[in-house]
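The values are calculated or read from the model by the stated rules, or taken from the named source; none is laboratory data. Being a predicted model, the structure only gives us computed values, none of them experimental. Cβ coordinates were reconstructed from backbone atoms using ideal geometry, including for glycine residues, and neighbour counts include every protein chain displayed.
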Amino acid sequence: MQIILLGKPGAGKGTQAQRLAQAAGVAHIATGDMFRAAVREGTELGKLAQSYMERGALVPDDVTIGLMRERLAQPDAHKGFVLDGFPRNEAQAQALEALLSDLGRPVQAAVELDVPDEEILRRITGRRVCPRCGATYHVEFQPPKVPGICDRCGHALIQRDDDKEETVRRRLEVYRRHAEELIRFYQARGLYHRLSGLGSEADVLERLIGLLQSLGVWNR
């Protein structure tokens with residue numbers, strides 16, 4: 001099974017990619033994890049990626065593709081993979097297509113978890129974190145016992161800047177700009193599918209597996 005999961009920030013893509021990969025017995029490949037592992041292992045590409053990350057710059061596509069090639073060569077990826085957070089644009093999608101063609105493991109489906117913007121805002125802007133111990137909460141879905149106070153250490157909770165409405169709306173706009181070209185790319189190849197990301201994590205996973213079964217991609 002070789003699939004890509006797409007989705008807005010807060011759509012649950014990372015959670016579902018991890019759960020799906022575990023259920024299918026394939027590798028969950030998230031670009032952030034891949035970068036950190038390469039840096040930790042001190043590979044040449046890892047050092048190059050680190051030089052960009054330390055400056056707060058985006059890692060160039062050619063470096064990212066090189067790291068992806070290394071990652072896909074690892075034993076756990078031989079049975080298949082769920083890509084999470086990659087590709088991010090059409091140029092990366094084209095490079096990935098060429099790479100997977102060389103490996104004889106083409107993408108079988110690109111699935112977008114569809115969640116309305118207002119639900120995304122509800123999910124993200126409701127997050128609260130404890131700056132002292134790192135505990136996380138949600139004002140609606142997982143509230144602390146005392147509003148605004150950490151259950152674990154008693155410190156006042158905060159809302160991260162990344163979780164504020166204005167920032168989330170900007171992130172959604174950035175996603176839309178890049179998602180449009182990715183969607184066109186995979187639609188042209190008959191690989192794009194949209195799936196509702198609403199409901200519980202278990203419900204979404206069940207729908208996702210059902211879709212992959214209908215496509216003949218699920219191999220469990």
Next on the checklist: Take Arg123 and tell me if it is part of a loop (DSSP other than H, G, I, E, B) and not aliphatic (A, V, I, L, M).
Outcome noted: no
Checklist entry - Hey, any hits in the stretch 164-181 for a residue that's of a type in the set (Phe, Trp, Tyr) and more than 15 Å from Val115 (Cα to Cα)? => result no
Item to check | Residue selected from the stretch 13-52 under the condition closer than 25 Å to Gly190 by Cβ and not in a helix (DSSP H, G or I), by the criterion farthest from the chain's Cα centre (by Cα) | outcome: Val26
Next on the checklist: Looking at the stretch 178-213 only, could you name the residues that are of a type in the set (Gly, Ala, Ser), at pLDDT 95 or above and in contact with a strand residue (DSSP E or B) (Cβ under 8 Å, 6 or more places away or on another chain)?
Outcome noted: Ser196, Gly197
Item to check | Flag for Leu198 being touching a residue at least 24 places away in the same chain (Cβ under 8 Å), part of a loop (DSSP other than H, G, I, E, B) and not polar (S, T, N, Q) | outcome: yes
Checklist entry - Looking at Ala93, Ala110, which is the one that is touching a Phe, Trp or Tyr at 6+ places or on another chain (Cβ under 8 Å) and in a helix (DSSP H, G or I)? => result Ala93
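Yes/no matrix, rows are residues, columns are (1) under 26 Å from Gly216 (Cβ atoms); (2) among the small types (Gly, Ala, Ser); (3) touching a strand residue (DSSP E or B) at 6+ places or on another chain (Cβ under 9 Å); (4) modelled with pLDDT under 95:
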site	(1), (2), (3), (4)
Thr31	no, no, yes, yes
Glu44	no, no, no, yes
Glu54	no, no, no, yes
Met68	yes, no, yes, yes
Asp76	yes, no, yes, yes
Phe81	yes, no, yes, no
Gly104	yes, yes, no, yes
Checklist entry - Can you spot a residue in the stretch 169-177 that is hydrophobic (A, V, I, L, M, F, W, C), touching a helix residue (DSSP H, G or I) at 6+ places or on another chain (Cβ under 7 Å) and at pLDDT 95 or above? => result no
Item to check | Residue list for the stretch 185-195, filter: part of a helix (DSSP H, G or I), in contact (Cβ under 8 Å) with a residue 40 or more places away in the chain and either surrounded by fewer than 17 Cβ atoms within 10 Å (Cβ to Cβ) or over 18 Å from the mean Cα position of the chain (by Cα) (or both) | outcome: Phe185
Item to check | One residue from Val82, Val59 being over 26 Å from Arg194 (Cβ atoms) and either among the hydrophobic types (A, V, I, L, M, F, W, C) or surrounded by fewer than 19 Cβ atoms within 10 Å (Cβ to Cβ) (or both) | outcome: Val59
Checklist entry - Of the residues that sit in the stretch 127-176 and are touching a residue at least 24 places away in the same chain (Cβ under 8 Å) and assigned to a loop (DSSP other than H, G, I, E, B), which one is surrounded by the most Cβ atoms within 10 Å (Cβ to Cβ)? => result Leu157
Next on the checklist: Kindly evaluate Ala38 against the criterion of being among the small types (Gly, Ala, Ser) and closer than 25 Å to Leu182 by Cα.
Outcome noted: no
